[in-house]
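The values are calculated or read from the model by the stated rules, or taken from the named source; none is laboratory data. Note that this is a predicted model, so its numbers are computed, not measured. Backbone-built Cβ (ideal geometry, glycine too); neighbour counts: all protein chains shown.
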Amino acid sequence: MKATVLVRPKPGILDPQGQAVESSLRHLGFSVDEARVGRLVDVDLPTDDRADAIAQLKRMCEQLLTNPLIESYELELDGAPVTA
Amino acid sequence: MTDSALPRPVIPVVVFPGSNDDRDAQLALAGLGAVAPRVWHTEEVLPRGTSAVVLPGGFSYGDYLRCGAIARFSPVMRAVIAFAESGGLVLGICNGFQILTEARLLPGALRPNASLSFVCRDVALSVERTDTPFTSRCTEGETLTIPVKHGDGCWFADDELVAHLEANGQIALRYAAGESPNGAVGDVAGVIGEHGNVFGLMPHPEHAVDALLGSTDGGLILGSLVDAARSSAAAVV
């Protein structure tokens with residue numbers, strides 16, 4: 001199954017990269033209230049079991065893909081968001 | 001500087017792919033009276049007689065994903081974590097500090113500098129604690145001059161965690177007022193672990209041990225570690 005992990009800086013965490021992008025967008029004339037920059041990880045899993053894939057992805061996020069102190073994540077499986 | 005009559009504690013310096021301050025750390029520790037073998041990250045055990053461990057600066061694993069996130073899972077880190085959990089002295093410098101926070105041996109996280117610029121210069125530091133194995137050669141409120149060189153040194157913890165660390169006296173080193181090179185919360189430059197045996201700092205004490213290079217204040221930090229390692233080695237024997 002193809003999965004996507006979206007990692008975001010948590011609200012309130014200083015995101016200097018997002019600020020730089022935000023100010024650059026304004027310089028280009030776009031009206032932007034805020035921009036935040038996260039990370040996207042595409043993972044191809046050798047399983048067709050949805051529940052197993054989700055369980056594995058959550059473990060990957062907790063152990064390596066995110067730092068829970070400063071980042072949150074969302075999962076997508078085969079292009080569709082995974083809810084709760 | 002070295003008193004040859006004193007025992008030389010064994011303080012290995014771990015080398016990850018991308019570490020680049022390991023030789024400076026080794027040289028500085030040797031000059032202060034330690035034996036500091038460099039230990040490759042694939043080793044699963046620490047050298048015999050290890051009485052402290054140093055994780056040096058650099059860009060382990062290219063800083064991919066997050067600084068320190070991948071090095072944390074190196075084989076040698078299992079040994080380092082076990083050593084720390086059994087009370088062993090561990091010092092993380094710059095990338096070493098990032099690795100220790102990722103390994104949850106130290107609180108907080110290190111984020112990109114607020115300026116988004118890589119900063120490389122001397123900074124003034126205020127010593128907040130002198131009763132630790134890493135600062136015992138310093139005096140209370142002393143200002144140290146030690147260089148920083150990092151792009152991801154903005155230490156972060158939420159208000160609740162900061163209050164807890166303040167109350168526990170774990171914030172051992174701060175940038176002097178107006179000196180913060182990175183926007184760290186509370187001007188934090190170095191944090192000590194809950195049990196007092198693990199310390200991480202963004203400044204590089206190993207680059208400040210020779211007057212020729214401007215400051216010897218780094219020798220106070222590394223010298224404190226050598227002293228503590230020597231007494232813990234004596235305790236083991």
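Here are the criteria: (1) surrounded by 11 or more Cβ atoms within 10 Å (Cβ to Cβ); (2) within 12 Å of chain B (Cβ to nearest Cβ); (3) part of a loop (DSSP other than H, G, I, E, B). Tell me which single one A:Val32 does not satisfy.
That leaves (2) as the condition not met.
Condition (residue is within 14 Å of chain A (Cβ to nearest Cβ), assigned to a loop (DSSP other than H, G, I, E, B) and modelled with pLDDT under 95) applied to region B:51-65: is it met by at least one residue?
Yes, that holds for at least one residue.
I want to confirm something. Restricting to region B:121-145 and keeping residues that are in contact with a strand residue (DSSP E or B) (Cβ under 6 Å, 6 or more places away or on another chain) and among the aliphatic types (A, V, I, L, M), which single residue is nearest to the other protein chains (Cβ to nearest Cβ)?
That would be B:Val123.
So in region A:38-52, with the set limited to residues that are surrounded by fewer than 15 Cβ atoms within 10 Å (Cβ to Cβ) and either under 30 Å from B:Ala184 (Cβ atoms) or of a type outside the set (D, E, K, R) (or both), which one is nearest to the chain's Cα centre (by Cα)?
Ranking the qualifying residues of region A:38-52, first place goes to A:Leu40.
Suppose we filter B:Ala157, B:Ala184, B:Ala167 for residues that are more than 14 Å from chain A (Cβ to nearest Cβ) and modelled with pLDDT of 95 or more; which single one remains?
B:Ala167
Among (1) surrounded by fewer than 18 Cβ atoms within 10 Å (Cβ to Cβ); (2) more than 13 Å from every other protein chain (Cβ to nearest Cβ), there is one condition B:Val198 misses while meeting the rest; what is its number?
B:Val198 satisfies all of (1) surrounded by fewer than 18 Cβ atoms within 10 Å (Cβ to Cβ); (2) more than 13 Å from every other protein chain (Cβ to nearest Cβ) except (1).
Would you mind listing the strands (runs of 3 or more DSSP E) fully within region B:73-162 where at least 2 residues are surrounded by fewer than 21 Cβ atoms within 10 Å (Cβ to Cβ), in contact (Cβ under 8 Å) with a residue 40 or more places away in the chain and β-branched (Val, Ile, Thr)?
In region B:73-162, the matching strands (runs of 3 or more DSSP E) lie at B:119-127.
Scan region A:1-29 for residues that are without any contact (Cβ under 8 Å) to a residue 60 or more places away in the chain, away from chain B (no Cβ under 12 Å) and outside any helix (DSSP H, G or I) and report the count.
The qualifying residues number 2.
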